[in-house]
Amino acid sequence: LNPFVRGKRFTSLLKTARATFSVKNQAKLAQKLVHIPHRKMGQMETAEASQKHEAKDLIKDTPRGLQRRPYDLKVGDTIHGFTVKSVEDITDFNIKAFTLEHDETGAKYLHLDSADLENVFMVRFKTFPNDSTGIPHILEHLSLCGSKNFPVRDPFFKMIKRSLNTFMNAWTGSDFTGYPFSTCNEKDFNNLLRVYLDACFFPNLKRTDFNQEGYRYEFEEPGNPDSALQIKGVVYNEMKGVMSNADRLFLHKLSEHMFEKSCYHHNSGGDPNDIPLLKYETLKKFHEDNYHPSNSYFMTYGDLDFTNNLEYLNRNVFTHFERNEQNQKIELEDRRTSPKVKTEYFMPELVSDAETQGKLGISYLCNEVNKDNYETFCLYIMSSLFFDGPDTPFYQSIIESGLAPAFCPGVGYDTSTKEGTFTFGVSNITPSNENIRKIQKAIDETILQ
């Protein structure tokens, strides 16, 4: 549910916008931004009159918010090629959740029906990397570089300027790639939906875009073939910056050593040392295998009629695919009988003494996050009680006592992986053996309190 939660950060901005623009003005603005063509005008009809007609079409009396029409759907019903799998009332949030599955392709769909005027969409694919070449990350960039029905350069960034969106993004996780957006305007929602779906399922994936977004070789001195070669590329340069950050590198290394069998062992964003090993053909095959309805999960939230989305998907997207049984799964890690100890080195920051920039992390492999929600919830509570605030046990025993000035990156309970991890640790210490022993002792004693 994270993308829906993140969308709430725009609430105050939207209240101001709603106070400034009427629904009619928003519709007119949407008309201009998406370049809706004028209807053919008669002899006495002016362009201004045509615009009024188009704006009127955009603001049809569609019930919104609390006045929206209820859904007459129950478990087992079929609609636009989808079968309803469950219907659940989430009374604490005044939400009704519908889960559906597409009969032909197996695509999953979750809709959270709410009176909220801000509507959210996201499509997510399981993308498990088997190396650190950054293939899911580079593919995320390439898919937004033009598609079958929108063959223009960077339609994503063009829509940021032309739409009424409150949020647009795409991101690569350690085991998934997601494409979310949100907006309050129905016409804008439909425009963005078409652009996003075309980008995901029918991208152009040109080699020139691969060279631009992924990596390429250039002469250090343009026009001088005798000069040295250097590597450039949007993702390559981005990950050079990420991996030069000590905190981010610490988190990547912690995951690499904790997970030896699963995709979390690899850097899904890409390691600059490995990115140049990726082949263009490998990326195209990765898209063919993973950006498929059978490997997708759709989520929507808000007051708009989500059955329109089902109809669009069934008619314009899924007809181009056949069911592709996905056998991808994340292997569970073996439990260790003794601790695994690793030492890593990184470039220190120049703002402080390098000898006091050490980090220590003690991480435990925990439960399957989605297997027992109660256990997961208890671990979240325990993490908060341990670390959140100056009165918590670890703040008192580690920070307040002067053993370390700060906790390490990723401290506490983390559920971003299939099996959660619980990490204790500190930052900005002198990494001497004696100092590390003192901190480890304090951590062990605090856990046993």
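What follows is calculated from the coordinates using simple rules that are stated; it is not laboratory data. In this text, all values refer to a predicted model and were calculated from it rather than measured experimentally. Cβ coordinates were reconstructed from backbone atoms using ideal geometry, including for glycine residues, and neighbour counts include every protein chain displayed.
Residues 366, 378, ranked from the fewest to the most other C-beta atoms within 10 Å, line up as 378, 366. For residue 247 and residue 372, a Förster radius of 30 Å and the Cβ-Cβ distance give a FRET efficiency of 0.45, rounded to the nearest 0.05.
Between residue 211 and residue 297, 0.36 nm times their residue separation minus their Cα-Cα distance comes to what?
28.0 nm
Within the listed set 107, 228, 246, the Gaussian network model of the chain (springs between alpha-carbon atoms below 10 Å) gives the highest mean-square fluctuation for 228. Normalised by residue count, the range 354-448 yields a Cα convex hull volume of 94 Å³ per residue. Report the residues of the range 161-184 in range of a label on residue 416: point 7 Å along Cα→C-beta, backbone N strictly under 18 Å from it. Output list for this probe position: 169-180. Between residue 430 and residue 445, residue separation times 0.36 nm minus the direct Cα-Cα distance comes to 3.3 nm. Amide H to amide H distances under 5 Å link residue 167 with 182, where only residues 5 or more positions off or on other chains count and H is placed in the peptide plane. For the range 237-253, the residues whose backbone nitrogen is under 11 Å from a point 7 Å from the Cα of residue 347, taken along Cα to Cβ, are 240-246.
Below 8 Å, C-alpha to C-alpha, sequence gap of six or more: please give me the relative contact order for the range 354-448 in percent. Please list the in-between numbers first.
Numbers: 140 pairs, mean separation 38.5, N = 95.
RCO, the range 354-448: 41 percent.
How high is the relative contact order of the chain, given as a whole-number percent (alpha carbon pairs under 8 Å, six or more residues apart)?
16 percent
When the GluC sites (Glu not before Pro) in the range 169-269 are filtered for DSSP coil states and for at most 16 other beta-carbon atoms within 10 Å of their beta-carbon, the remaining sites are 220, 260. Other residues whose C-beta falls under 11 angstrom from the C-beta of residue 298 contribute a net charge of +1, scoring Lys and Arg +1 and Asp and Glu -1. Of all the options 381, 362, 135, the one that moves most in a Gaussian network model of the chain with Cα springs shorter than 10 angstrom is 381.
Pop the C-beta distance of residue 85 and residue 396 into the FRET formula with R0 = 45 Å and round what comes out to the nearest 0.05.
0.40
A crude spin-label estimate for the pair residue 335 and residue 72, with each label 7 Å from Cα along the Cβ direction, gives 5.4 nm. Between residue 228 and residue 315, how high is the FRET efficiency from 1/(1 + (r/R0)^6) when r is the Cβ-Cβ distance and R₀ = 56 Å? Nearest 0.05. Between residue 228 and residue 315 the formula returns 0.55. Residues 284, 74, 261, ranked from the fewest to the most other C-beta atoms within 10 Å, line up as 74, 261, 284. When only alpha carbons are used to place a centre, the range 194-218 and the range 394-449 end up 42 Å from one another. Greater than 30 Å separation of Cα atoms is the criterion. Which listed pairs, 108/232; 284/418; 85/285; 126/158; 284/329; 240/418, meet it? 108/232; 85/285, as the Cα separations exceed 30 Å there. In this rough spin-label picture, where each label sits 7 Å from Cα along the Cβ direction, the residue 388-residue 167 distance is 1.9 nm.
Placing a pseudo-label 7 Å from each Cα along the Cα-to-Cβ vector at residue 237 and residue 364 gives an inter-label distance of 4.5 nm.
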